[in-house]
1. What number of residues in segment 148-168 are among the acidic types (Asp, Glu) and under 15 Å from the mean Cα position of the chain (by Cα)?
2. Only residues that are hydroxyl-bearing (Ser, Thr, Tyr) and either in contact (Cβ under 8 Å) with a residue 12 or more places away in the chain or under 11 Å from Ile47 (Cα atoms) (or both): list them for segment 79-100, please.
3. In segment 64-88, which residue that is under 12 Å from the mean Cα position of the chain (by Cα) and exposed (fewer than 13 other Cβ atoms within 10 Å of the Cβ) is farthest from Glu165 (Cα to Cα)?
4. Kindly evaluate Asn126 against the criterion of being open to solvent by 70 Å² or more (accessible area, probe 1.4 Å), under 27 Å from Val48 (Cβ atoms) and modelled with pLDDT under 90.
5. Can you find, within segment 30-60, the residue that is modelled with the lowest pLDDT among those that are of a type in the set (S, T, N, Q) and closer than 19 Å to Ile71 by Cα?
6. Which ones in segment 183-194 are surrounded by fewer than 20 Cβ atoms within 10 Å (Cβ to Cβ), touching a residue at least 12 places away in the same chain (Cβ under 8 Å) and in a helix (DSSP H, G or I)?
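The values are calculated or read from the model by the stated rules, or taken from the named source; none is laboratory data. Note that the structure is predicted; figures quoted are calculated from it, not measured. All Cβ positions, glycine included, derive from the backbone under ideal geometry; neighbour counts span all protein chains shown. Calculation scope for accessible area: heavy atoms of the full protein, side chains included, ligands and nucleic acids excluded. Shrake-Rupley method; radii C 1.70, N 1.55, O 1.52, S 1.80 Å.
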Amino acid sequence: MFFIFNYIKHFSVSCNKSILIFVLWSKSNQFIMEKEFTELLYQNQGIVHKVCSLYFNNRTDKEDYKQELIIQLWKAFPSFNKQSKFSTWMYRVCLNASIDIIRKEKTQPKFVKIDNHGIEPSVETNSDKAENKERLYQAINKLSEIDKAIITLYLDEFSYKEIAEIVGISESNTGVKINRIKSLIIKSIENGNK
């Protein structure tokens with residue numbers, strides 16, 4: 001409420017009362033919208049992390065990409081019409097924003113930094129579960145952007161209907177694509193992710 005009193009101080013006595021009410025109403029709506037967005041983002045923050053992990057492997061840039069996705073979510077938030085779950089809408093925005101970022105990067109010239117150390121050592125784990133998970137992510141990373149999106153949503157237990165809505169394809173096509181993607185992943189893992 002402090003911001004309301006701040007605005008009242010700055011308006012002159014002769015100011016049109018309806019303008020003052022409109023300004024106060026729009027500022028309070030902005031505050032409510034920011035609060036709602038922040039709460040929903042906090043509840044679903046894992047989606048941003050998953051999408052960044054799948055599309056942006058470079059750890060030094062990952063935080064920048066997370067911030068970019070959050071900015072895109074904020075810009076798109078007024079279009080969230082609550083006809084679907086927030087997580088479904090959030091996946092759609094994050095996936096589309098990630099694909100747009102990758103497309104833009106492909107059109108820009110790449111500069112390769114050469115360091116003296118060569119290849120970074122990989123961290124080995126003793127857990128078979130961790131190794132299998134790593135192999136799965138390696139296989140997923142070899143997929144096209146759209147296939148990555150589909151299989152990620154499938155692994156997060158979204159229904160075919162929800163996946164179709166997010167990605168923008170038919171529900172029957174979703175099932176076909178998921179089966180093909182599973183086959184590609186299995187072949188990739190069996191061949192040692194070559």
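1. Initially, segment 148-168 is screened for residues among the acidic types (Asp, Glu), giving 156-157, 162, 165.
After this cut, where a residue has to be under 15 Å from the mean Cα position of the chain (by Cα) as well, the list is 156.
The total comes to 1.
2. Of the residues in segment 79-100, the ones hydroxyl-bearing (Ser, Thr, Tyr) are 79, 84, 87-88, 91, 98.
Ser84, Ser87, Thr88, Tyr91, Ser98, listed by residue number.
3. If we take residues in segment 64-88 being under 12 Å from the mean Cα position of the chain (by Cα) and exposed (fewer than 13 other Cβ atoms within 10 Å of the Cβ), then Gln67 is farthest from Glu165 (Cα to Cα).
4. Values: open to solvent by 70 Å² or more (accessible area, probe 1.4 Å): yes; under 27 Å from Val48 (Cβ atoms): no; modelled with pLDDT under 90: yes.
Considered against the rule, which asks whether it is open to solvent by 70 Å² or more (accessible area, probe 1.4 Å), under 27 Å from Val48 (Cβ atoms) and modelled with pLDDT under 90, Asn126 comes out as no.
5. Step one: list which residues in segment 30-60 are of a type in the set (S, T, N, Q), which gives 30, 38, 43-45, 53, 57-58, 60.
Now restrict to residues that are closer than 19 Å to Ile71 by Cα: 30, 38, 43-45, 53, 60.
Numbers: Gln30: 72, Thr38: 88, Gln43: 91, Asn44: 89, Gln45: 88, Ser53: 82, Thr60: 69.
My answer is Thr60.
6. Restricting attention to segment 183-194, the residues satisfying the condition of being surrounded by fewer than 20 Cβ atoms within 10 Å (Cβ to Cβ) are 183-184, 186-194.
Narrowing further to those that are touching a residue at least 12 places away in the same chain (Cβ under 8 Å): 184, 188-189, 193.
Once the filter is applied, which keeps residues that are surrounded by fewer than 20 Cβ atoms within 10 Å (Cβ to Cβ), touching a residue at least 12 places away in the same chain (Cβ under 8 Å) and in a helix (DSSP H, G or I), segment 183-194 yields Leu184, Ser188, Ile189.
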